[in-house]
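The values are calculated or read from the model by the stated rules, or taken from the named source; none is laboratory data. Since we're looking at a predicted model, the values are computed, not measured. Cβ placement follows ideal geometry from the backbone for every residue including glycine, while neighbour counts extend to all protein chains displayed.
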Amino acid sequence: MKAVLLGATTGMGRAIARLLAARGDQLFLLGLDDADLDRSAADLCARHPSHASVGHAVCDLEDPDTFASALDRADAALGGFDAVIVTAAMYATQDALEADTELARRLVTVNYANTVVFCEHARKRLLARGGGKLVVFSSVAGERGRKPVAIYGSSKAGISAYLEALDHKFHGQGLEVLCVKPGFVRTGMTAGLKAPPFAGEPEDVARTVVAAMDRGEAVVYAPRVWSAVMLAIRSLPRAVMRRINF
Ligand SMILES: NC(=O)c1ccc[n+]([C@@H]2O[C@H](COP(=O)([O-])OP(=O)(O)OC[C@H]3O[C@@H](n4cnc5c(N)ncnc54)[C@H](OP(=O)(O)O)[C@@H]3O)[C@@H](O)[C@H]2O)c1
């Protein structure tokens, strides 16, 4: 596979990059900070000496002007990519987002509107060569309107709906869209938050996601137990949702 990863300098993206590099896939890293990208690329090469080099380019989800040129650089370096994996996103607590409307605007723009724009650039390039894989991290937070994640969760609900529609529209043309719905996973994003039951580790999530990619699944919960948890949450009546704090 020739994969472009947006957000692979940390957390679950980094774990996926390490797994793909270990099995010999060719990678190109996109992210916010050139020095971080350089370090991550060097780390992948050091762990897997068969990778002579891992290219990288700056791509800021707050700046759509960076999207096309970053994907073009990835395309040129890899000689045509066949997978794009987006783990990059913003997170802030509901309290922080309610207290700072500008932060809320930035978060919903990055996690929904600009992620859709980035995916549009990516899927056009993939479809132009007959298809490929588009893997994007949403969240269980987007499954149901919930008090503790009202704003962050709404951005993930939007991205989940977009990915579902992409799958419906372009699967027949060779585009394999995978919407990843993690539950709570211990990464920098959740540092300082109280871990609930079934909290996962990035390396386990990476194995689940890569297996789902290989099987051509359209949706994967990670850890997979969250599929059953969210089935129960989706069935709760509104009157119950108003009372509980989940
Ligand atoms: N951890 C969880 O419990 C959990 C649960 C459900 C869903 N998710 C989702 O899973 C994905 C991966 O999260 P993670 O837990 O692995 O967290 P993470 O390690 O914090 O990864 C998020 C990545 O997004 C990057 N990023 C932030 N703003 C960006 C921007 N404007 N442009 C480009 N990159 C940007 C960050 O780069 P910098 O480090 O340079 O800021 C970081 O590499 C996210 O989509 C998250 O919403 C996480």
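Hey, among the residues in region 137-164 that are more than 26 Å from ARG242 (Cβ to Cβ) and in a helix (DSSP H, G or I), which one's farthest from the ligand (Cβ to nearest atom)? Residue satisfying both the conditions and the ranking: GLU164. Scoring HIS56 on the criteria (1) away from the ligand (no atom under 14 Å from the Cβ); (2) not in a helix (DSSP H, G or I) leaves a single failure, condition (1).
In region 72-128, which residues are among the charged types (D, E, K, R) and either buried (at least 18 other Cβ atoms within 10 Å of the Cβ) or in a loop (DSSP other than H, G, I, E, B) (or both)? Explain how you work it out, then say what you get.
As a first pass, look at region 72-128 and keep what is among the charged types (D, E, K, R): 72-73, 75, 82, 95, 98, 100, 102, 105-106, 120, 123-125.
Of everything in region 72-128, those that are among the charged types (D, E, K, R) and either buried (at least 18 other Cβ atoms within 10 Å of the Cβ) or in a loop (DSSP other than H, G, I, E, B) (or both) turn out to be ARG73, ASP82, ASP100, ARG123, ARG125.
If you check LEU134 against the conditions, is it free of Cβ contacts under 8 Å to residues at least 60 places away in the same chain, buried (at least 20 other Cβ atoms within 10 Å of the Cβ), assigned to a helix (DSSP H, G or I) and more than 12 Å from the ligand (Cβ to nearest atom)? Full working, then the answer.
Numbers: free of Cβ contacts under 8 Å to residues at least 60 places away in the same chain: yes; buried (at least 20 other Cβ atoms within 10 Å of the Cβ): yes; assigned to a helix (DSSP H, G or I): no; more than 12 Å from the ligand (Cβ to nearest atom): yes.
Here the answer is no, as LEU134 does not meet what is asked.
Within region 85-104, residues that are more than 10 Å from the ligand (Cβ to nearest atom) reach partners that are part of a loop (DSSP other than H, G, I, E, B) and modelled with pLDDT of 95 or more with beta carbons closer than 7 Å, at six or more positions or on different chains, in the pairs LEU103/ALA92. When you look at ASP167, is it acidic (Asp, Glu), in a helix (DSSP H, G or I) and without any contact (Cβ under 8 Å) to a residue 40 or more places away in the chain, yes or no? Taking the combined requirement at face value, the residue does not satisfy it.
For region 12-26, indicate whether the set of residues that are of a type in the set (A, V, I, L, M), assigned to a strand (DSSP E or B) and surrounded by 22 or more Cβ atoms within 10 Å (Cβ to Cβ) is non-empty. Walk me through how you get there before you give the answer.
Going through region 12-26, the residues of a type in the set (A, V, I, L, M) turn out to be 12, 15-17, 19-22.
Cutting the leftovers down to assigned to a strand (DSSP E or B) gives us none.
No, that holds for no residue.
Considering (1) of a type in the set (Phe, Trp, Tyr); (2) within 25 Å of ALA76 (Cβ to Cβ); (3) crowded, with 18+ Cβ neighbours inside 10 Å, the lone condition that PHE170 does not fulfil carries the number (3). Looking across region 186-221, the residues that are acidic (Asp, Glu) and assigned to a helix (DSSP H, G or I) come down to GLU203, ASP204, ASP214.
Got a sec? Which of VAL180, VAL219 is touching a helix residue (DSSP H, G or I) at 6+ places or on another chain (Cβ under 6 Å), within 14 Å of the ligand (Cβ to nearest atom), in contact (Cβ under 8 Å) with a residue 24 or more places away in the chain and of a type in the set (Val, Ile, Thr)?
Details: VAL219 fails: touching a helix residue (DSSP H, G or I) at 6+ places or on another chain (Cβ under 6 Å).
Going through VAL180, VAL219 in turn, just one is touching a helix residue (DSSP H, G or I) at 6+ places or on another chain (Cβ under 6 Å), within 14 Å of the ligand (Cβ to nearest atom), in contact (Cβ under 8 Å) with a residue 24 or more places away in the chain and of a type in the set (Val, Ile, Thr): VAL180.
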